[in-house]
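The values are calculated or read from the model by the stated rules, or taken from the named source; none is laboratory data. From a predicted model like this one, the values you see are computed outputs, not experimental measurements. All Cβ positions, glycine included, derive from the backbone under ideal geometry; neighbour counts span all protein chains shown.
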Amino acid sequence: MQEFFTFLLAEWMLSITFLVLFIMLLWGVIAPSMRGFSELKPVDIVRLINSDNTLVLDVRSENEFIDGHIVNSINIPFSYLTKRFEELGDDKERPLVVICKSGARAKSAGTLLCKEGFKNVTVLAGGLMAWQHDKYPVAKGKK
């Protein structure tokens, strides 16, 4: 045991680097469960949409939505989300998929939705860019 502590002191830079990497790894495992929502790839989102009464919420701007969106999704831009929760309905148990361009805004929206009491929130990993990369269809226009 004495040798271990001697090593830690002698190799303090290596020890600190190891500790930081260990904490980052641990955070990567713990953080998703603390967020309150899950994050799925496009193929899993398609299964979710097809199997449940899932609501797809697009939190991009209206112009981004018009340029291309998942069929039957609704658009509430992230900046208006807290003012328009009622548009998502009263069923807070209903599966809800949140999407944006790359996933960042959707994660923030997922956090807000969970705080608002929505129980079954999922974020599209990689956003609409991942959806299009995997060659899934998008609709254009307001609906």
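Side notes on the structure shown:
- ALA10 satisfies every condition listed in (1) in contact (Cβ under 8 Å) with a residue 60 or more places away in the chain; (2) farther than 25 Å from GLU116 by Cβ; (3) not acidic (Asp, Glu) except (1).
- Residue within segment 1-23 that is of a type outside the set (S, T, N, Q) and either assigned to a loop (DSSP other than H, G, I, E, B) or under 21 Å from LYS135 (Cα atoms) (or both) present: yes
- When the residues of segment 83-103 are filtered to those that are exposed (fewer than 13 other Cβ atoms within 10 Å of the Cβ) and either in contact (Cβ under 8 Å) with a residue 24 or more places away in the chain or within 18 Å of ALA125 (Cβ to Cβ) (or both), the one that is farthest from the chain's Cα centre (by Cα) is GLY89.
- Elements of type helices (runs of 4 or more DSSP H) in segment 54-143, at least 2 residues being more than 17 Å from ASP44 (Cβ to Cβ): 62-67, 104-115
- So VAL43, is it within 16 Å of the chain's Cα centre (by Cα), modelled with pLDDT of 90 or more and part of a helix (DSSP H, G or I): yes
- Selection status of LEU48, surrounded by 10 or more Cβ atoms within 10 Å (Cβ to Cβ), in contact with a strand residue (DSSP E or B) (Cβ under 7 Å, 6 or more places away or on another chain) and assigned to a helix (DSSP H, G or I): yes
- Subset tally (residues that are within 14 Å of LYS142 (Cα to Cα) and exposed (fewer than 15 other Cβ atoms within 10 Å of the Cβ)) for segment 52-73: 5
- On the stretch given as segment 104-143, residues that are surrounded by 21 or more Cβ atoms within 10 Å (Cβ to Cβ) and of a type in the set (A, V, I, L, M, F, W, C) total 9.
- Unique match (being at pLDDT 90 or above, over 15 Å from SER38 (Cα atoms) and of a type outside the set (S, T, N, Q)) among PRO77, PRO95: PRO77
- Pair list, Cβ < 7 Å and 6+ apart or interchain, from segment 129-143 residues that are free of Cβ contacts under 8 Å to residues at least 40 places away in the same chain to residues that are surrounded by 10 or more Cβ atoms within 10 Å (Cβ to Cβ): MET129/LYS101; MET129/SER102
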